[in-house]
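Some notes on the structure that comes next.
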Ligand code: FAD
Ligand code: NAP
């Protein structure tokens with residue numbers, strides 16, 4: 001029986017969002033010959049959106065296109081990009097070890113974690129029951145199915161407002177449900193939402209239950225509850241989109257690295273260094289505050305520069321001894 005393959009690199013980058021690809025560009029140009037593992041969402045979160053209007057240099061760029069360009073850039077400067085998903089990491093000794101679903105074991109002198117964030121769910125049993133049957137966390141992926149139908153979106157941040165606006169391209173009516181009486185989304189997005197005739201906003205409500213049928217399985221409405229009076233009402237809809245934020249994808253490291261604020265990896269001030277020397281974290285995985293493509297890319301740059309310095313410090317004693 002042949003042994004499972006092992007691949008060693010000076011720098012291993014886990015994640016292919018803006019943080020991972022930017023780290024890859026910098027690490028490649030520092031001649032570190034990095035390997036980047038893409039994960040199950042090549043390109044990261046921006047691949048599930050449409051227009052990105054705040055990436056400097058592009059007044060509008062489609063999210064998936066931007067990520068294709070980032071991948072091409074990383075590839076062109078020499079990054080080895082591998083389609084694999086890491087299911088276990090051992091940070092207890094160097095070289096660090098990562099196990100891929102493909103069966104490959106990756107070892108590395110320095111590690112850049114850029115696993116980003118994933119959509120949060122409400123946690124309702126009925127939400128779980130109808131996931132994929134009318135309940136979704138991605139309007140870009142599933143909006144098309146609701147042509148001429150009514151949909152409900154829950155959330156009050158940028159994602160919820162963008163999802164609601166995108167859904168107006170297909171749906172006959174979009175109801176946005178928010179638990180407070182003001183949105184946290186950017187003002188320009190709020191302005192577009194308030195002026196869209198297909199949108200109704202229901203303030204001060206949460207979703208208590210998703211209702212529907214089982215033959216065939218499908219959503220028929222959501223039961224809302226007023227946050228202070230507790231009064232309930234049902235809003236009929238064929239699709240229910242959950243857009244209540246994102247949680248850091250830190251499962252791989254939460255028992256090995258210091259985390260805070262619900263799982264975000266802690267980094268040293270003005271640095272991407274984590275609690276283990278040689279392990280760096282960048283992007284939404286570590287950022288509970290800004291969570292933007294451009295800040296993630298900036299942190300990816302920092303992580304690669306810091307990894308380069310770390311590797312130089314490992315090589316320095318050997319070089320001095322040889323002199
Ligand atoms: P992510 O983009 O989350 O990428 C994480 C990567 O890690 C993925 O490639 C995934 O496959 C990989 N990964 C995860 N786990 C593993 C594993 N175990 N093994 C291997 N790989 C793994 N920001 C803006 O600035 N402008 C916008 O207009 C904008 N619009 C958005 C619209 C939507 C709908 C959403 C959800 C977000 C939006 N954001 C926007 C936020 C922006 O997408 C994120 O801040 C940014 O993508 C974070 O980049 P990242 O590199 O940290 O991680
Ligand atoms: P977010 O900013 O954290 O907003 C989450 C929203 O969901 C909040 O309005 C919150 O309500 C609500 N919420 C949370 N838990 C809830 C629950 N259990 N029930 C009901 N409502 C709940 O998340 P996001 O909108 O996904 O954005 C994440 C990050 O990505 C942000 O930094 C954002 O700027 C960025 N992003 C940027 C763009 C852009 O630049 N165009 C687009 C998308 C995302 P409260 O307001 O009451 O807390």
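The convex hull drawn around the Cα atoms of the range 209-248, when projected onto a plane and averaged over every direction, covers 4.1 nm².
Once you divide the Cα radius of gyration of the range 22-118 by 2.2 N^0.38 Å, the number left is 1.18.
Report the antiparallel proportion of the DSSP beta bridges in the chain as a percent, rounded to a multiple of 5.
50 percent
Between 130, 280, 240, the Gaussian network model of the chain with springs among Cα atoms under 10 angstrom shows the greatest mean-square fluctuation at 130. For the range 69-159, the share of DSSP beta bridges that are antiparallel, to the nearest 5, is 90%. Using a cutoff of 8 angstrom between alpha carbon atoms and counting only pairs six or more residues apart, the relative contact order for the range 121-242 works out to 30 percent. Highest mobility in the GNM of the chain, judged by mean-square fluctuation with C-alpha springs under 10 Å and restricted to 289, 162, 71, is found for 289.
The Cα trace of the chain gives Rg and Dmax of 22.1, 79 Å, the first to one decimal, the second as a whole number.
Mean sequence separation of contacting Cα pairs (under 8 Å, at least six apart), scaled by the length of the chain, corresponds to a relative contact order of 20 percent. Using the alpha carbons alone, the radius of gyration of the range 121-242 stands to its Kirkwood radius in an Rg to Rh ratio of 0.94. Largest GNM mean-square fluctuation across 35, 211, 188, computed for the chain with C-alpha springs under 10 Å, falls on 188. Extents of the range 54-200, largest first, come to 57, 43, 29 Å (Cα atoms, principal axes, whole angstrom).
Between the C-alpha center of the range 216-250 and that of the range 160-196 there is a gap of 15 Å.
If you plug the beta carbon distance of residue 3 and residue 194 into 1/(1 + (r/R0)^6) with R0 = 41 Å, you get a FRET efficiency near 0.10.
Every number in this text was worked out from the coordinates using simple rules, so none of it is lab data. These figures come from a predicted structure and were not determined experimentally. Don't worry about glycine lacking a Cβ; one is built from the backbone with ideal geometry, like all the others, and counts go over all protein chains shown.
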